[in-house]
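The values are calculated or read from the model by the stated rules, or taken from the named source; none is laboratory data. The model shown is predicted, which means the values in this text are computed figures rather than measured ones. Please note: Cβ atoms are built from the backbone with ideal geometry, for glycine as well, and neighbour counts cover all protein chains shown. Areas reflect the complete protein model, heavy atoms only, side chains present, ligands, DNA and RNA absent. Shrake-Rupley method; radii C 1.70, N 1.55, O 1.52, S 1.80 Å.
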Amino acid sequence: MVDRVATWIRAAERVVVLTGAGISAESGVPVFRGAGGLWRQFRPEDLATPQAFARDPSLVWEWYLWRRELIAAAQPNEGHRALARLAARRAGVTLLTQNVDGLHRRAGSEAPIELHGNLWRVRCTSNCGYAALDDEGGPPRSQLRCTCGAWLRPAVVWFGEPLDPTTLDAASVAAEAADVLLVVGTSAVVYPVAALPHMARRRHARVVEINVDETPLSSEADVVLRGPAGELLPALERAL
Ligand code: OAD
């Protein structure tokens, strides 16, 4: 199966990769759903909605600062690195990610399209326009307020919020033009991102799922590579 996918990639003009939390699992960053998932331990409506932030910004920040600590201590894994090398060795590779952890960049991917934002970025909740990229490790709590006096917030997409339209457009255009779409480590249930593989397939892409478990996409994918991304992506790279 890996060889078959490698043949498709070699023949492809445009290869698009869509990743989710599963690609960072082997770096020790918890996923959201399933065994050990954050949404088994925490309620998204308490921590990842605009209403939760309006109710208790300190609590929401505490959770994001805890996640920053976990991520700062983690290293990109062989899956992230294989994807960075794939884009370096050939033209026409676009990386789309739902992850906010920044591990693709740390692995060397130059311009991942971060569909759900980035937890190292902050922006002001007023419309003063302030936005910044924090160092890994995050700002001390005393700097969680903007110089204008309003709260800063993590520049991530929360439940109930729209994705940035320019970012979503770029992802949709890439998906629709893809010859091969690799969908790696995502439960493929959170929309609108979960629609991208279907859009790609309706055009003409071969859709390949790489995941340790079955997802709603599995039955629609042209090929399913069942196993850890940190092993399958380097194996795919070796087969190219
Ligand atoms: P999920 O936690 O929903 O799904 C992670 C997927 O990775 C599951 O399908 C696992 O089977 C798979 N997986 C786990 N370990 C793996 C490994 N080593 N190799 C390959 N696959 C593995 O994460 P996402 O699909 O990214 O959004 O979640 C989508 C969105 O829901 C997130 O961006 C976040 C979350 O709520 C927001 O916060 C808006």
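Things to note:
- For the peptides 75-88, 104-117, residues were scored by their other Cβ atoms within 10 Å and the scores averaged per peptide; the highest-first order is 75-88, 104-117.
- Value of relative contact order over region 2-63, rounded to a whole percent, pairs C-alpha under 8 Å and six or more apart: 13
- The DSSP beta bridges internal to region 85-240 are antiparallel in roughly 45% of cases.
- For the chain, accessible area per residue (1.4 Å probe, heavy atoms of protein chains only), Å²: 47
- When nucleic acids and ligands are ignored and a 1.4 Å probe is applied, CYS128 ends up with an accessible area of around 70 Å².
- Across region 90-202, Cα pairs under 8 Å and at least six residues apart give a relative contact order of 22 percent.
- Ranked packing of 55-64, 192-201, 159-168, most packed first, by mean Cβ within 10 Å: 192-201, 55-64, 159-168
- Only Cα pairs under 8 Å and 6+ residues apart enter the sum, and on that basis the relative contact order of the chain stands at 26 percent.
- Computed from Cα atoms, the angle from the helix 229-239 axis to the main principal axis of the chain rounds to 40 degrees.
- Carbon + sulfur, % of accessible area of the chain - ligands and nucleic acids excluded, 1.4 Å: 50
- Taking a Cβ cut-off of under 10 Å around ARG226, the surrounding Lys, Arg, Asp and Glu residues balance to a net charge of -3, with basic ones at +1 and acidic ones at -1.
- Burial order of peptide ranges 25-36, 227-238 (average beta-carbon count within 10 Å, highest first): 227-238, 25-36
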